[in-house]
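The values are calculated or read from the model by the stated rules, or taken from the named source; none is laboratory data. Predicted model only: the values in this text are computed from it and were never measured. So basically every Cβ, Gly included, is an ideal-geometry build from the backbone, and we count neighbours across all protein chains shown.
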Amino acid sequence: MRRSLLLVCLLLLTACQPATRAPVPEASAVPEPAASATPANVTSVRKSPNDNRDYRYITLANGLRVLLVSDPTTDKAAASLVVFRGSHHEPAEYPGLAHFLEHMLFIGTEKYPEVDAYQQFIGQHGGNSNAYTAGDHTNYFFDIKPAEFQPAMDRFAQFFIAPLLAAEYVDREKNAVHSEYQMQLKADGWRANAVLGTAVSPEHPEARFNIGSLETLGDGVDAALRTFMLENYSADAMALVALSNEPLDTLEAWVTPLFGAIPNRSIGAAPEPPALFEPGQLPATLTFASIKDGYSVSYNFPVPAAPATYRTKPGDYLSNLLGHEGEGSLHQVLRARGYLESLTAGTFDVDSRNGLLSIEIELTEAGYRALPAVTDLVFDWIELQRKEGPSAWRHAEQAALAELSFRFEEKTSPTGFVYRVAPALMRYPAADVLVAPYLMPDFDADAIAGFMDALRPDNVLVTVSGPDVETSAEEPWFKVPYTLERAALERTADTAALALPERNPFIPNRLDLVTDAPQGPSLTSRAPGLELWVDEDTAFGTPRANLRLSLGLR
C-alpha cells in the first residue's frame with residue numbers, strides 16, 4: 001500500500017501590516033472625582049491601549065492607597081487589600097505570627113461576629129476568598145458576583161477595622177497553621193526555601209522559620225497577636241484594589257466610607273531590611289536532598305531589588321541574554337552535550353532591598369555527574385557578556401518587545417488582577433503601577449555594568465539538589481539533609497564555542513489593524529501533500545496567531 005502525507009495548516013491571526021514602530025501611547029485621561037470627594041489626591045494611571053477597563057488611583061484621608069477599576073463587561077467583582085508587613089516583621093520569639101494573624105482575621109469582627117460569616121457570605125454569592133503571607137507583605141483577596149460587591153466589601157473592611165481575634169478560636173487556627181506546615185514537609189519548593197535559610201545572614205528574617213507551628217505559636221501568643229496587629233496593621237501601610245462593573249464614581253463612593261474607617265496608626269514605611277549575605281559568606285555551595293527524582297543546580301547572585309531599577313531593568317537585560325536558547329547559547333551547548341532538561345534565568349525580590357539574579361538549570365543525570373563542566377560553561381557564558389559590555393541595541397530590542405507586550409496585554413481574571421496589582425502599589429509610583437513590569441525607556445549602561453559586576457564566581461550561592469546527593473547536616477524544621485560549604489563549586493577548564501545572539505530581524509515595526517481584512521478562511525498556498533489556509537480576524541485586536549497542523553495518512 002502506498003502512503004502519502006497530507007499536511008493541512010490553518011492559521012488564525014489578527015490581520016496587521018508592518019510599517020514603522022510607534023511608541024506605546026498613553027492611556028486616556030483618568031476621570032477626576034467630584035469636588036466634594038474626601039480622598040486626598042487623584043493620580044492618572046497609565047494603561048495598555050488594549051485595556052478597556054477604567055482606572056482611578058486615590059489616597060483616602062486615613063492614608064490608604066486605593067486603585068479603583070471599572071470594567072462594565074466583568075461577571076465578577078474582586079478586591080485585594082495588601083498590608084505592607086509580613087513574616088519578616090514578626091518577633092523572632094513567635095515564628096509564624098504574621099501567618100497566624102492572617103488566619104485569625106477570617107474568624108469574625110465586631111460588626112459581623114458570627115464565626116466564618118465572611119466566607120459563608122462570599123461562598124453563597126458565587127465567590128471565593130483567600131490570603132497569603134509573604135516576607136514583606138500580607139495579601140487578602142476575594143471575588144464575588146458584582147451585585148453583592150458592596151456588602152462583601154463592608155464585611156472585608158471590618159477585618160482591618162475591628163477584628164475579634166477571639167481567644168476561643170486561637171487553638172483552632174493554631175492547628176490550621178500547623179496543618180499547612182505539615183502539608184509542606186514533602187514539598188521541594190518549601191524545603192528549598194527552608195534550607196536556603198541556613199546559607200543567608202542569621203540577621204536576615206529569611207534565616208528564620210516563618211510558617212508557624214504548634215511549637216512556635218505557644219504560650220503568650222494571644223497577647224503577641226494583638227500587639228503585632230497594632231504595630232503593623234495601619235491604613236498608611238496598606239493598599240486596596242477594587243474592581244467591579246460599576247462606574248468609578250460609584251466605586252469611590254462605596255470604598256471611601258468603608259475603608260476610610262481603617263485606623264491610621266502612622267507606622268510609616270517598614271525599616272530597611274539587613275543585607276541578605278554578610279561579608280565572607282560568599283561564595284558558597286549549598287547541597288540538599290530533594291524528594292523528587294531529578295537534579296538541579298542554581299547560581300544565585302545578590303543584586304538590588306527590582307523597584308530601584310524598574311525603568312532601566314538591568315536584571316531583565318542580563319536575564320534575557322543568560323536564558324537565550326539560540327545557536328551558541330549556554331542552553332544550546334548544554335543540551336547538545338546531553339546535560340540539560342531546562343534552563344531559566346531571572347531576578348526576584350527577597351525584600352525591598354535585596355534581590356537575587358538566578359540561573360536555574362534542571363540537569364540530566366549526566367549533567368549532574370559533569371557539574372564542574374556545567375559550572376565552567378555558566379561562567380564562560382557570563383564572561384562573554386561581560387566582555388561585550390552593555391549594548392544599547394540589545395536594550396532597544398528588549399524595550400521594543402516589552403512595549404509590544406504591554407500594548408497588546410491580555411485581560412486577566414478579576415481575582416488574578418487585583419491580587420497581583422495590589423502589592424505593586426507598594427513598589428512603584430501609582431501612575432506606573434500597571435506598566436512597571438514592561439517599562440524600559442532608559443538605557444543605563446552603568447546600572448547594567450553594576451549588575452554584571454555582581455555575576456562573579458566569588459559572589460555566588462550555588463544550590464545543588466538531587467535525590468542521592470551527599471549531605472552532612474539536617475535543617476531542623478523540614479528535616480532536609482544538606483551540606484553548606486563556604487566555597488565555590490569545583491571547576492574544570494572546560495570550554496565551548498559560545499556566542500551571543502545576533503540582532504533579531506523579526507521584531508515588527510508596526511502592528512496596525514488591516515481594516516479591509518478578508519472574511520473567512522482563504523487558501524493561500526498549495527503543493528503536493530500540502531495546503532495552507534489563512535483566516536484573518538480583527539475581532540480580538542491583538543497580533544497573535546494560532547497554528548493548527550492536520551496530518552493525514554493514506
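Does Arg155 satisfy being in contact with a helix residue (DSSP H, G or I) (Cβ under 6 Å, 6 or more places away or on another chain), without any contact (Cβ under 8 Å) to a residue 60 or more places away in the chain and either in a helix (DSSP H, G or I) or of a type in the set (Val, Ile, Thr) (or both)?
yes
Could you grab the pairs with beta carbons closer than 8 Å, sequence gap of 6+ or different chains, first residue in the stretch 228-250 and farther than 15 Å from Gly268 by Cβ, second one among the acidic types (Asp, Glu) and buried (at least 20 other Cβ atoms within 10 Å of the Cβ)?
So the pair list comes out as Phe228/Glu90; Leu243/Asp71; Ser244/Asp71; Asn245/Asp71.
What are the residues in the stretch 158-179 that are in contact (Cβ under 8 Å) with a residue 40 or more places away in the chain, part of a helix (DSSP H, G or I) and surrounded by fewer than 21 Cβ atoms within 10 Å (Cβ to Cβ), if any?
Residues satisfying the conditions are Ile161, Ala167, Tyr169, Val170, Ala176.
Take Pro314 and decide whether it is in contact with a helix residue (DSSP H, G or I) (Cβ under 6 Å, 6 or more places away or on another chain) and in the same structural domain as Gly466 (by TED's automatic domain parsing).
Yes: the conditions hold for Pro314.
Here are Ala345, Ala308, Ala366: which of them is out of contact with any strand residue (DSSP E or B) (no Cβ under 8 Å at 6 or more places or on another chain) and under 30 Å from Lys186 (Cα atoms)? Outline the logic, then answer.
On the way: Ala345 fails: out of contact with any strand residue (DSSP E or B) (no Cβ under 8 Å at 6 or more places or on another chain); Ala308 fails: under 30 Å from Lys186 (Cα atoms).
Sole residue among the options that is out of contact with any strand residue (DSSP E or B) (no Cβ under 8 Å at 6 or more places or on another chain) and under 30 Å from Lys186 (Cα atoms): Ala366.
In the stretch 200-218, what residues are among the charged types (D, E, K, R), assigned to a loop (DSSP other than H, G, I, E, B) and under 22 Å from Val460 (Cβ atoms)?
The one that is among the charged types (D, E, K, R), assigned to a loop (DSSP other than H, G, I, E, B) and under 22 Å from Val460 (Cβ atoms): Glu203.
Restricting to the stretch 486-511, and then to whatever is surrounded by 12 or more Cβ atoms within 10 Å (Cβ to Cβ) and out of contact with any Pro (no Cβ under 9 Å at 6 or more places or on another chain), can you tell me which residue is modelled with the lowest pLDDT?
Residue satisfying both the conditions and the ranking: Ala496.
Would you point out which residue out of Leu498, Leu523 is farther than 24 Å from Glu325 by Cβ and touching a Phe, Trp or Tyr at 6+ places or on another chain (Cβ under 6 Å)?
Unique residue meeting the criteria: Leu523.
Only residues that are more than 27 Å from Glu403 (Cβ to Cβ) and of a type outside the set (S, T, N, Q): list them for the stretch 47-64, please.
Passing the criteria: Ile58, Leu60, Ala61, Gly63, Leu64.
So, restricting to helices (runs of 4 or more DSSP H) that lie completely within the stretch 355-458, which ones have at least 2 residues that are of a type in the set (Val, Ile, Thr) and crowded, with 18+ Cβ neighbours inside 10 Å?
371-388, 414-424
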